[in-house]
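Data first, discussion second: the structure below is written as structure tokens.
Every number here is computed from the coordinates shown, using simple stated rules; none is lab data. Everything quoted here is computed from the prediction, not taken from an experiment. Counting neighbours? That spans all protein chains shown, and the Cβs are built from the backbone with ideal geometry, glycine included.
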Amino acid sequence: MKAKRSLLGAAVLVCAAALSVSMARPVEKTGKTIAVFVPGIVSGSPVYEMLVSGAQKAVNNNNTKDFGPVSITIIEAGTNQAEWPGKLTALCAEGKYDLIFSSNPSLPDIIEPLTKQFPKQHFLVLDAYKENVSTLATVQYNQRQQAYMAGYAAAMATTSEDLKLSNPQKKIALIAAQEYPVMNKIIYPSFVEGAKAFDSEVTVDFRLVGNWYDAAKGNELARALFNDGVDVILPIAGGASQGVIAAAKDLGFYISWFDNDGYKKAPGNVISSAMIMQEKMAEKIIGDYIQDNVTFGKASFAGMEDGYVGFTAHEPFTDNADRAEAIDTIYNSILEKVLVLESPVL
């Protein structure tokens, strides 16, 4: 009996020692899996290039022992918006990713029913607004500020007497890929608002390509506008914007660029860039997610005063000191909240 008790006691001690070692050993974190769902094609699309780049930077910066191994997968869904719901559904059904990360104003309405079908799947969408969906977080850029500055600069260019590509008519235009709520209720009205703030006599035309890729159609629309007296065009049309750039170089008119710095696309034609700092935001928000600092169910705004919307004017627009100073003044008035341009909630 003594021998049995001795063996039993030794076994208990061994088990206790093993348990002690196990409890003392740091528990390795499992990390996270992230799918970047691109509703389009990455190459040639500034918004999605910045989205992917920022997410990758965040993963590289946070893929440490503190947060566990983080994996990221880039998925291009193509430019046919009708296919996005099916592709998102299939992606959720795989169950491989903790987070689906994307950027597009139309996505929250597509995602909302999926949150009921796949209640454990989390979504984070930039350039969009939707609140009170428990597994969805969104960030909307203040595109009223962005479009207002684009319109203000465009109006200044079309009324300038010293710019060689400006004509006597006070006509500018916006060429959009498609109609959607943010375009119809924020971007286009704010573009007009900014133009009229500089000169109430400026007229603003609005044309649609019908998709995000038809460069030939973009070129055709730009040429028609130019023939009608328009000398400054803001293209927001994805790949179709390349057709507008080609027409500007060929015919000789100005471009007010959107979303990133477009000067190098057509030096001498691109007079300004109204930008969203998508790469910066993607890096920050994915870093926050990896560190468990994202509140799902919340919608937030980011604007010029936060450092996520910017504006810069380019040559030859800035060759005139008075014009350059006027642009700086209006830009700083927004930054300092003297001119308050709140973005409407859609």
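Sort out which residues of region 290-346 are over 17 Å from the mean Cα position of the chain (by Cα), of a type in the set (Ser, Thr, Tyr) and surrounded by 13 or more Cβ atoms within 10 Å (Cβ to Cβ), and write them in order of number.
Correct list: THR312, THR318, TYR331, SER333.
Would you please list the contacts, defined by Cβ atoms under 9 Å and residues six or more apart or on different chains, that run from a residue in region 195-210 that is touching a residue at least 12 places away in the same chain (Cβ under 8 Å) and in a strand (DSSP E or B) to a residue that is of a type in the set (D, E, K, R) and buried (at least 16 other Cβ atoms within 10 Å of the Cβ)?
Listed pairs, sorted by first residue: THR203/LYS170; THR203/LYS171; VAL204/LYS171; VAL204/LYS196; ASP205/LYS171.
Evaluate the following for ALA215: is it among the small types (Gly, Ala, Ser), surrounded by 23 or more Cβ atoms within 10 Å (Cβ to Cβ) and within 26 Å of the chain's Cα centre (by Cα)?
Against the criterion (among the small types (Gly, Ala, Ser), surrounded by 23 or more Cβ atoms within 10 Å (Cβ to Cβ) and within 26 Å of the chain's Cα centre (by Cα)), ALA215 does not qualify.
Which residue out of VAL182, VAL244 is touching a residue at least 24 places away in the same chain (Cβ under 8 Å), touching a Pro at 6+ places or on another chain (Cβ under 6 Å) and closer than 28 Å to LEU341 by Cα?
Just a single option satisfies the conditions, and that option is VAL182.
Scan region 50-65 and report the pairs whose first residue is of a type in the set (A, V, I, L, M, F, W, C) and whose second residue is outside any loop (DSSP other than H, G, I, E, B) and surrounded by fewer than 17 Cβ atoms within 10 Å (Cβ to Cβ), with Cβ atoms within less than 8 Å and a gap of 6+ or a chain change.
Here the result reads VAL52/ILE74; VAL59/SER71, each pair linking region 50-65 to a residue that is outside any loop (DSSP other than H, G, I, E, B) and surrounded by fewer than 17 Cβ atoms within 10 Å (Cβ to Cβ).
Please go through (1) touching a Lys or Arg at 6+ places or on another chain (Cβ under 8 Å); (2) outside any helix (DSSP H, G or I) for PHE123 and return the number of the only condition it doesn't satisfy.
(1)
Could you count how many residues in region 110-135 are surrounded by fewer than 13 Cβ atoms within 10 Å (Cβ to Cβ), touching a helix residue (DSSP H, G or I) at 6+ places or on another chain (Cβ under 8 Å) and touching a residue at least 60 places away in the same chain (Cβ under 8 Å)?
1
Using beta carbons and a limit of 6 Å, which pairs, at least six apart or on different chains, have the first residue in region 287-308 and within 20 Å of ILE330 (Cβ to Cβ) and touching a residue at least 40 places away in the same chain (Cβ under 8 Å) and the second one of a type in the set (S, T, N, Q) and in a loop (DSSP other than H, G, I, E, B)?
The qualifying pairs are GLY303/ASN142.
Read through the list (1) under 27 Å from PHE301 (Cα atoms); (2) in contact with a helix residue (DSSP H, G or I) (Cβ under 9 Å, 6 or more places away or on another chain); (3) surrounded by fewer than 20 Cβ atoms within 10 Å (Cβ to Cβ); (4) not basic (Lys, Arg), then give the number of the only condition that ILE236 fails.
Condition not satisfied by ILE236: (3).
Select from region 37-78 the residues that are part of a loop (DSSP other than H, G, I, E, B) and either of a type in the set (Lys, Arg) or under 17 Å from CYS92 (Cα atoms) (or both) and write down the one among them that is farthest from the chain's Cα centre (by Cα).
Restricting to residues being part of a loop (DSSP other than H, G, I, E, B) and either of a type in the set (Lys, Arg) or under 17 Å from CYS92 (Cα atoms) (or both), the top hit is LYS65.
Using the structure shown, decide if MET183 is assigned to a helix (DSSP H, G or I) and over 19 Å from ILE330 (Cβ atoms).
When the stated conditions are applied, MET183 passes them.
For residues that are closer than 24 Å to MET304 by Cβ, part of a helix (DSSP H, G or I) and over 13 Å from the mean Cα position of the chain (by Cα), tally how many sit in region 232-283.
4
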